[in-house]
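Asks: Before I ask anything, let me first share the structure, which is written out below as structure tokens.
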Amino acid sequence: SLMELMNRRAQTILKNPGLTEQIASEDALLKSLLTHNQGPLDNSQLVTVFREILSQGRKSAAPATVSYLGPPASFTHQAAHRRFGTNADLMPNNSISSVFKDVESGRSQFGVVPVENSTEGAVTYTLDLLVNSTVQICAEVNLRINHCLLSDMPMDGIDLVYSHPQVFGQCREWLSEKIPNAELREVKSTAEAARRAMMEGKAAIASRMASELYGIPIIQEAIEDNPNNSTRFLVLCKNSPPPTGDDKTSVCFAFKDRPGALYDALHSFKRENINLTMIQSRPSKVRNWDYVFFMDMQGHTDDAHVSAALSELEDECVFMRILGSYPLNDSIQ
């Protein structure tokens, strides 16, 4: 029965309480389950149900402590809730750097931070912090982002809208067409936007969770310009999990300034037949026109071909840091 299986899972967790290993095994389990899904429930609905079951199992040993970029009802809060379930101890932080510090100091076992939006691009502050931090990436969460217009007043009476600057960018065309004369005022989070709109009798662009938390009606849902708008979040911890057989590795590195350096460094990945899924650069902030590159690849550092390619990359670099190997999350939305 389902009850027997849940209790057996809880007993396994009690005997093997390593949370980082559990993160990897849960992702591998979900991937396997989703391959057998024949509907009518979609994958997202099934993931929500099974995450909650797994969260209950972890609670029998000790709830996971998770720092996230807050406040409550932010999209990062939703990502943390989706990844760890309702039984985790979720702790809001007012900055991305404080989430990193919580994990580095051991105040929390995990941290959740945004790293990339499909419309607005990379969250560069997260990338900059990864360069010098001691934390590792142990999982990722891809969250479908739906923006809602919240207000107690009708749409034709809205003269001021609060939201995060990236959110305004993601809803630019809708705002221009529907409420072109409204003032757009930037705040640090969508949750803060909802709070201010509630207190001042104005409007906000925020999530359904924010609407429920602050008691502001939703005037219209899904106002984002791109219907496929999503954000990728990283789960941070002290150590990367072991291989699952379907993993991703992230690294950052910098070269001596010479012609062809990037081409030479990437040649080993072609030879080892490693698929590179992302590469981008950021200013190093040490010297003008020096850059740090960030790269994602399929595979785990324990895989021989990945290890060989990374060893050759390190020989070409003045700096390289492996940011983590973790389960590939393309199929777990």
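The values are calculated or read from the model by the stated rules, or taken from the named source; none is laboratory data. It should be emphasised that the depicted structure is a prediction, and the values quoted were computed from it without experimental measurement. With ideal geometry, Cβ positions are generated from the backbone for all residues, glycine too; neighbour counts draw on all protein chains shown. Calculation scope for accessible area: heavy atoms of the full protein, side chains included, ligands and nucleic acids excluded. Shrake-Rupley method; radii C 1.70, N 1.55, O 1.52, S 1.80 Å.
Asks: Could you list all residues from the range 245-276 that are open to solvent by 60 Å² or more (accessible area, probe 1.4 Å) and of a type in the set (S, T, N, Q)?
Replies: Once the filter is applied, which keeps residues that are open to solvent by 60 Å² or more (accessible area, probe 1.4 Å) and of a type in the set (S, T, N, Q), the range 245-276 yields ASN273, ASN275.
Asks: Name the residue that is farthest from ILE219 (Cα to Cα), counting only residues in the range 147-178 that are open to solvent by less than 10 Å² (accessible area, probe 1.4 Å) and in a loop (DSSP other than H, G, I, E, B).
Replies: CYS171
Asks: Something else about it: Do we have ILE279 as closer than 30 Å to ARG144 by Cα, open to solvent by less than 70 Å² (accessible area, probe 1.4 Å) and either assigned to a loop (DSSP other than H, G, I, E, B) or at pLDDT 85 or above (or both) here?
Replies: no
Asks: Looking for whichever is modelled with pLDDT under 95 and more than 30 Å from MET155 (Cα to Cα) here; the options are ALA210, ALA265. Which one fits? Before the answer, list the steps.
Replies: Details: ALA210 fails: more than 30 Å from MET155 (Cα to Cα).
From the options ALA210, ALA265, the qualifying one is ALA265.
Asks: Quick test for you: out of PHE319, PHE233, PHE253, pick the one residue that is under 27 Å from VAL167 (Cα atoms) and either of a type outside the set (A, V, I, L, M, F, W, C) or in contact (Cβ under 8 Å) with a residue 60 or more places away in the chain (or both).
Replies: On inspection, the qualifying residue turns out to be PHE233.
Asks: Suppose the filter is crowded, with 20+ Cβ neighbours inside 10 Å and of a type in the set (Asp, Glu); does GLU192 pass it?
Replies: So GLU192 fits the description; yes.
Asks: State all residues of the range 220-244 that are outside any loop (DSSP other than H, G, I, E, B) and either at pLDDT below 85 or open to solvent by 60 Å² or more (accessible area, probe 1.4 Å) (or both); if no residue qualifies, say none.
Replies: If the condition is that a residue be outside any loop (DSSP other than H, G, I, E, B) and either at pLDDT below 85 or open to solvent by 60 Å² or more (accessible area, probe 1.4 Å) (or both), then GLN220 is the only one that fits.
Asks: Any idea which of LEU130, LEU90 is open to solvent by less than 30 Å² (accessible area, probe 1.4 Å) and at pLDDT 90 or above?
Replies: Just one listed residue meets the conditions, LEU130.
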